[in-house]
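K.L.:
Have a look at this one before I ask anything.
Bear in mind these aren't lab numbers, they're just calculated from the coordinates by the rules spelled out. The model shown is predicted, which means the values in this text are computed figures rather than measured ones. Neighbour counts run over all protein chains shown; Cβ positions are idealised from the backbone, glycine included.
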Amino acid sequence: MEISKYTKIDLKLLRTDTVLGFDLYLRSHRRYILYRSHRIPFNERVRQNLLGHGVKSLYILTRDESKYKSYIENNLTDILTDPQIKMDVKRQVVYQNSLSIARDLIANPTSTDTVKRSARAVENIVELHIKDKEGLKKIIYLMPQDYKIYTHSANVATYSIALAISLGIFNKKEIFELGLGAFLHDIGKSRIPREILDKPGHLTPEEFEIVKRHVYHGWHIVKGNPLVPRRSILPISWHHERLSGDGYPGGKRGDEIPIHGLITAIADAFDAMTTNRIYQKALSTFKAIQILLADEKNYDRRILFKMIKLLGPDKTTGIQQQRGEMVN
Ligand SMILES: [Fe+2]
């Protein structure tokens, strides 16, 4: 007989007058009791009844987790505007939502549905960060330690949006366009052979040339897609350019590189350095910033200073702490 497993969920995240699509359970004396069937709408009376009995958490069957994730995704805009929900919880649901959509996007980069969901995820990241300007220093502890293309996409979007807001030079629509481009920046890697992307050790010059083509593939995947605004293509095309002209694909230098490229270049390099790679362990945020600051011919210092401010003084004065140590 199959033994059911249960996952704890936060009662506050459930929206009233919605059909949940998953059964709710209460835990009592180490037993799980079916409380509400997935077909019956969740309403305010039920919520008040639970709160009146001191219930803050409920349980779902672990096998229903994907239904729960979809439910949160579909109700995220509402969750973000709910004053009853703490900012810590909002940060977590927005970040986790961006991760699961980024995973689907890399698996299915041309699907209209995943691109639409990506745009909604990015809108929610923008909404969160506009209200939560100090939040990045806490979100970094939610980020998984190991590098994956999809975690990297969500992280680069998160950093780029926070940077764009702190620079104060973009309106909300422009921040969204930049954020979506950052979310999609490495989408072209979906067309690079896995054995090259996952190769431990150094790439041969030929292999590196193949990896570099991800910029072109990315542009090719999104160009002409009406769901991707023109300015969202800029981070995809220019995130590997460097101020010195040593980057690719265009070898552009200084002012020739759009600001979208300069921002995502820093977000990209920072995330790549502070996550465990096959060939290198994650650096501390302090060390990563130190390396980027020392490389002034390649990275824009004004943007880097904003990044230092967003990460908080403790990360830049050597109070170490590898990102990820505080996860869980
Ligand atoms: Fe890239």
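K.L.:
Tell me the label-point distance for the pair His38, Ala294, using the 7 Å Cα-to-Cβ offset, in nm and rounded to one decimal.
P.N.:
Distance between the two pseudo-spin positions: 5.4 nm.
K.L.:
Kindly state, to the nearest 0.05, the FRET efficiency for Lys173 paired with Arg30, given R0 = 51 Å and r defined as their beta-carbon distance.
P.N.:
Numbers: r = 51 Å, r/R0 = 1.01.
Efficiency for this residue pair is about 0.50.
K.L.:
For the stretch 2-80, run through the trypsin sites (Lys or Arg not before Pro) and keep only the ones in DSSP coil with at most 13 other Cβ atoms within 10 Å of their Cβ.
P.N.:
Numbers: sites: Lys5, Lys8, Lys12, Arg15, Arg27, Arg30, Arg31, Arg36, Arg39, Arg45, Arg47, Lys56, Arg63, Lys67, Lys69; in loops: Lys5, Arg15, Arg30, Arg39, Lys56.
Answer by residue number: Lys5, Arg30, Arg39, Lys56.
K.L.:
Follow-up. How high is the relative contact order of the chain, given as a whole-number percent (alpha carbon pairs under 8 Å, six or more residues apart)?
P.N.:
Numbers: 502 pairs, mean separation 45.7, N = 328.
Across the chain, relative contact order equals 14 percent.
K.L.:
What is the packing order of peptides 244-256, 159-171, 100-112, taking the mean over residues of other C-beta atoms within 10 Å and listing the highest first?
P.N.:
Values: 244-256: 14.5, 159-171: 20.4, 100-112: 17.5.
Packing proxy ranking, top to bottom: 159-171, 100-112, 244-256.
K.L.:
If each residue of separation counts as 0.36 nm, what is the full-extension length gain between Ser244 and Ala107 once their alpha-carbon separation is subtracted? It would help to have the intermediate numbers written out before the result.
P.N.:
Numbers: separation 137, 0.36 × 137 = 49.32 nm, distance 3.43 nm.
Separation in residues times 0.36 nm, less the Cα-Cα distance, equals 45.9 nm.
K.L.:
Right, something else. Around Leu203, with a cut-off of 15 angstrom between Cβ atoms, what is the net charge of the other residues, counting Lys and Arg +1 and Asp and Glu -1? Walk me through the numbers on the way to the answer.
P.N.:
On the way: positive: Lys189, Arg194, Lys199, Lys212, Arg213, Arg277; negative: Glu195, Asp198, Glu206, Glu207, Glu209.
My count for the surroundings of Leu203 gives +1.
K.L.:
Let me ask another. At 0.36 nm per residue, minus the direct Cα-Cα distance, what do Ile278 and Ser66 gain on full extension? Give it in nm, one decimal, please.
P.N.:
Working: separation 212, 0.36 × 212 = 76.32 nm, distance 2.90 nm.
Taking 0.36 nm per residue and subtracting the Cα distance, the gain is 73.4 nm.
K.L.:
Return the Rg/Rh value of the stretch 147-229, two decimal places, where both radii are evaluated on C-alpha atoms and Rh is the Kirkwood radius.
P.N.:
Working: Rg = 14.7 Å, Rh = 14.1 Å.
Rg/Rh for the stretch 147-229 comes to 1.05.
K.L.:
Quick check: the angle from helix 112-131's long axis to the longest principal axis of the chain, C-alpha only, nearest 10 degrees?
P.N.:
Taking Cα atoms only, the helix is inclined about 90 degrees.
K.L.:
What is the sum of charges around Lys67, taking Lys and Arg as +1, Asp and Glu as -1, for the other residues whose C-beta is under 13 Å from the C-beta of Lys67? Working shown, then result.
P.N.:
Values: positive: Arg39, Arg63, Lys69; negative: Asp23, Asp64, Glu65, Glu73.
Here the charged neighbours net out to -1.
K.L.:
Let me ask another. So if I place +1 on the C-beta of Lys and Arg and -1 on the C-beta of Asp and Glu, and nothing else carries charge, what would the dipole magnitude of the chain be about its Cα centre? I want it in debye, nearest 20. Intermediate values should be presented prior to the final figure.
P.N.:
Values: 51 positive and 37 negative charges, 175 e Å.
Roughly 840 debye, rounded to the nearest 20.
K.L.:
Provide the FRET efficiency to the nearest 0.05 for the Gln84-Tyr216 pair, computing r from the beta carbons and using R0 = 51 Å.
P.N.:
For Gln84 and Tyr216, the calculated efficiency is 0.60.
K.L.:
Can you pull out the chymotrypsin sites (Phe, Trp or Tyr not before Pro) in the stretch 178-239 whose DSSP state is coil and whose Cβ has at most 13 other Cβ atoms within 10 Å? Please list the in-between numbers first.
P.N.:
Working: sites: Phe183, Phe208, Tyr216, Trp219, Trp238; in loops: none.
Those that pass, being in a loop and sparsely packed, number zero.
K.L.:
Also, I was wondering about something else. What number, in nm² with one decimal, is the all-direction average of the projected area of the convex hull of the alpha-carbon atoms of the chain? Each step should come with its number before you reach the end.
P.N.:
Details: hull surface 76.6 nm².
For the Cα atoms of the chain, the hull's average projected area reads 19.2 nm².
K.L.:
Now, a different point. Would you please name the trypsin sites (Lys or Arg not before Pro) within the stretch 175-238 that are DSSP coil residues with at most 14 other C-beta atoms within 10 Å of their C-beta? Before the final figure, lay out the partial values.
P.N.:
On the way: sites: Lys189, Arg191, Arg194, Lys212, Arg213, Lys223, Arg230, Arg231; in loops: Arg213, Lys223.
In loop regions of the stretch 175-238 (DSSP not H, G, I, E or B), the sparsely surrounded trypsin sites (Lys or Arg not before Pro) are Lys223.
K.L.:
Now, a different point. Once you place label points 7 Å from the Cα toward the Cβ at Gln48 and Lys5, how far apart are they in nm?
P.N.:
3.8
K.L.:
Mind computing the radius of gyration and Dmax over the alpha-carbon atoms of the stretch 1-65? Å is fine for both.
P.N.:
Expressed in Å, the Cα Rg and Dmax of the stretch 1-65 come to 11.5, 36.
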